[in-house]
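Notes follow once the structure below has been shown.
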Amino acid sequence: MNDIEKIVSETYIKNLEFLQDKYYDIWYKLHLFELALESNRYQEKYALEYVNNSYFDVLKLETNDYLYGTDSNMVSKDLTKKVNFRKNSFVFEGFPLYYNYENIPNLDDKAQGIEDIYPLMTYYLDNHSSDKEMREIEKFIFIGIGLGLHVLEIHNKINAEEYFFIEDDLELFKLSLFTTPYYKLDDSKLFFSIAENKDNFTKKFESFLENSFFRNKHLKYSFFPAHSDEKIKLIKNSLSSQSFASFPYKTTLNKYIRTMQHLEKYNFVNLKEHFLDNTLSKKPLLIIAAGPSLDENLEWLKQNHSKFTILALSATLKTLYTYNIKPDIVTHLDGFQTSLLHFNGFPQKDFLKDSIAIFGGFTPKEAIEYFQKENVYIVEDHATYYHENFSAHTGPCVGSTSIMWAITMNFENIFLLGIDLAVSKTGESHSKTHQVTKKKYKDMHTLSNQISFRGDFFTVKGNFENEVYTNPLFYDSIRSLNTTIPKLKTNQQTIYNLNNGAYIKGTIPKHIDTIDFDTFSIMMQKSSSEIIKKVLKPYSKKMLTTEDKNSLMKRLIFAQEVKEIITQYQVSVRKQQVNEYLHDIISLILAILQNPTRENANLITVYDYYFNYTVPIIFDFFNTKKLEDETKHIEYIDKIFTKGLYSIQTIYEEALQNYFSIEKKSKESH
């Protein structure tokens, strides 16, 4: 064995030992790959060659082409040279910043979701140009590895604390174990996504984001030229759909408070566990959403709607009114004022007088008041637990959530119409009558340089087609349904997907002209509001128990304890040295984000979202070369940061105090 063979063999063995010890899942995946090779279930595609006794390359056995096709050492040096410390080069921005929004009058309720953070964003942008350099690169992503010859060179240049390795080809990654000493990165935390599908990759990347979240403002990366850009789209999808960004802290706080304001005014329904009895279970349920497939099947719907119990999303109401299709159940989650547009364009109270409303707790009271009060059922859809053990399965959107609720209510045959979760061939994401979203998309195959919840499109498995285009917003719901439906659905339940959109795991693709209504024995049973209310009654309650009210009091006490924690931080925080200041922020986070209980979980979640927005901005601000007047910056930034902390606490405590004040007056009046 010559020297080079000895070196690569020793490197491979040490890497395997390292992976088996520290990253067992990757070692096990390689072990299974070796077994497949030994049993001839997989044929090798590549051969590792040492070309001209000077550099490694990968020979593609089928085509006789080389992966690098040139001196791989020079390619690696070029990839290393491209890595720099600038904040505007080869970087993913964890979330966007908005300039001077704090001075815009009458911000809508969506924009108010991060209102305390706008001054911090403005201060950051006023004191940073886009070409500023980082003092250190703390998290780094390798998109495609090849033989990994550039990995150690880049590590020696940046010495990051965390690395995320992406390689879609397992065999190629195996070859890199001969040429790249991953074991020398033992002082850094490593994340590997090797030959993973979209769902598993997304889960792994989300773990990378959750770890040391305060380092997520700018994520530097290296892109190996031969690798697909599909993972870039999925990374941007993960960034855009982070919970704290898609449903910000102030919005979450308002959701908790609005749900509290519905207490003892309306029935609350528990959709956490399967209903044991549903007299309507045998009658097919049709869930109608506002995707493009609704427009394509309106004539069929007009002819056949009476054969179903109709569960309609609020976005479809105007369309249903046009066709004189009265929904038996209406679902709604959105708490923003723009969502009230779904109730425009028809005589709401007359059209909906016999419909049952199953609404999320964030629903505006204006929408609730279109329904008969006794027909309204509120769902604690964000784990508020105001009623002990009351909860619900929820997805990222009302369509996915409605499917979960229908399964929980034990309907045996569920049909989905308008839940496309994809863009039609002509570029529509929703039906033409959707009151809020009417955008038509073009160039779905291109890669945008902007991070947006409705941004880059990528392909997923289609329901009828091999592939369809989806976006981050829809993909989040697809992932949620793919995970939840197989766990939630019983063997007695069947879900038929009638849409020319995305495939949903646990559902059966079915064209509408193939539905055999004769198989549903009591399909003509009337789905009256009285029958539906009888179905919901065993799982509903209006009044709080004594224990529920004690729980609210404990929440108030916890809010007051948080105020003390913030006050103590304000008194003791060190502002002379950056490292000390950042250390004290982490200590504050640990003090507030305690182990969640029924009583503290809501406020902890709000602060968690607040920290996920503010702390990466603060850490990144000070992770800047040639930053002057650091003490002055600490003073100004901490003033903004602390003001936001108090704002959350004050609003939450006042809401609880207001509840107890109203309850006291109610008792006195009786």
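The values are calculated or read from the model by the stated rules, or taken from the named source; none is laboratory data. Computed from a predicted model, the values in this text were never measured in an experiment. Neighbour counts run over all protein chains shown; Cβ positions are idealised from the backbone, glycine included. Note: areas computed on protein heavy atoms with side chains; ligands, DNA, RNA excluded. Shrake-Rupley method; radii C 1.70, N 1.55, O 1.52, S 1.80 Å.
Observations
- DSSP-defined beta bridges in the chain - what % are antiparallel, rounded to 5: 30
- The relative contact order of the stretch 484-599, computed from alpha carbon pairs under 8 Å that lie at least 6 residues apart in sequence, is 15 percent.
- Out-of-range pairs (alpha-carbon distance over 32 Å; input Lys87/Lys425; Lys22/Lys625; Lys236/Lys425): Lys87/Lys425; Lys22/Lys625
- Calculated over the stretch 329-432: convex hull of Cα atoms, volume per residue (Å³): 131
- Each 5 Å bin from 0 upward holds the following percent of the Cα-Cα pairs of the stretch 547-607: 4, 18, 24, 20, 15, 10, 6, 3, 1, 0.
- Sequence-ordered 3J(HN,Hα) estimates for the stretch 55-64 from the Karplus curve with 6.51, -1.76 and 1.60 and θ = phi - 60° stand at 7, 8, 8, 10, 8, 7, 5, 6, 10, 6 Hz, glycine and proline given as x.
- Cβ-Cβ FRET estimate between Lys349 and Ile565, R0 fixed at 51 Å, reported to 0.05: 0.60
- Computed helical MRE - 222 nm, the chain, DSSP H runs ≥ 4 contributing -39500 (n - 2.57), nearest 500: -13000 deg cm²/dmol
- For the stretch 195-272, the Kirkwood estimate of the hydrodynamic radius, built from every pair of different alpha carbons, is 15.8 Å.
- Debye equation applied to the C-alpha atoms of the stretch 291-358, log10 I(q)/I(0) at 0.22 Å⁻¹: -1.01
- In degrees, nearest ten, helix 24-38 long axis to first principal axis of the chain (Cα): 70
- Of the solvent-accessible surface of the chain, computed with a 1.4 Å probe over protein heavy atoms with every protein chain present, carbon and sulfur atoms account for 48 percent.
- Nearest 10 degrees, 0 to 90: helix 398-408 Cα axis against the chain principal axis: 70
- Euclidean distance of C-alpha centroids, the stretch 245-324 and the stretch 37-101, integer Å: 48
- Dimensions of the stretch 552-653 based on its C-alpha atoms, expressed as ranges along the principal axes with the largest first, amount to 49, 22, 20 Å.
- Axis of helix 230-240 versus longest Cα principal axis of the chain: the two differ by about 50°, to the nearest ten degrees.
- Entries of Lys82/Lys461; Lys174/Lys198; Lys489/Lys534; Lys487/Lys541; Lys29/Lys217 with Cα pairs more than 24 Å apart: Lys82/Lys461; Lys487/Lys541; Lys29/Lys217
- Mean separation of Cα pairs under 8 Å and 6 or more residues apart, divided by the residue count, gives the chain a relative contact order of 15 percent.
- Estimated vicinal HN-Hα couplings, Hz - the stretch 590-599 in sequence order (Karplus 6.51, -1.76, 1.60; Gly, Pro = x): 5, 5, 7, 7, 7, 4, x, 10, 4, 7
- Only Lys, Arg (+1) and Asp, Glu (-1) charged, at Cβ; the chain dipole about Cα centre in debye: 1980
- Residues with amide H under 5 Å from that of Thr494, placed H, sequence gap 5 or more: Asn413, Ile414
- Accessible-area rank, largest first, for Lys250, Lys81, Lys189: Lys81, Lys189, Lys250, with all protein chains present and a 1.4 angstrom probe.
- Surface analysis of the stretch 1-88 yields an accessible area of 66 Å² per residue, using protein heavy atoms and a 1.4 Å probe.
- Long-range HN-HN contacts of Thr597 with modeled amide H, under 5 Å: none
- A simple spin-label model places pseudo-atoms 7 Å from Cα toward Cβ; at Ser587 and His31 they are separated by 4.4 nm.
- Amide H contacts of Glu467 (H built 1.01 Å from N, under 5 Å, at least 5 apart or other chain): Gly462
- For Glu210, the solvent-accessible surface computed with a 1.4 Å probe is close to 140 Å², ligands and nucleic acids excluded.
- Based on protein heavy atoms only, the stretch 491-606 ends up with 54 Å² per residue of surface accessible to a 1.4 Å probe.
- All-pairs alpha carbon distance profile, the stretch 1-66, 5 Å steps from 0, percent: 4, 14, 15, 19, 24, 18, 5, 0
- Mean sequence separation of contacting Cα pairs (under 8 Å, at least six apart), scaled by the length of the stretch 455-520, corresponds to a relative contact order of 33 percent.
- Estimated vicinal HN-Hα couplings, Hz - the stretch 469-481 in sequence order (Karplus 6.51, -1.76, 1.60; Gly, Pro = x): 8, 10, 10, x, 4, 5, 4, 4, 6, 4, 4, 4, 5
- Based on the Kirkwood approach, the hydrodynamic radius assigned to the stretch 505-565 is 17.4 Å, with every pair of different Cα atoms included.
- Angstrom value of the Kirkwood radius, inverse mean 1/r, which spans all Cα pairs in the stretch 168-231: 13.7
- Residue-normalised accessible area of the stretch 333-422, given per residue in Å² at a 1.4 Å probe: 28
- The convex hull built on the alpha-carbon positions of the stretch 476-519 has an orientation-averaged projected area of 3.5 nm².
- P(r) histogram, all alpha-carbon pairs of the stretch 255-330 included - 5 Å bins from 0, percent: 3, 12, 19, 19, 14, 14, 13, 5, 1
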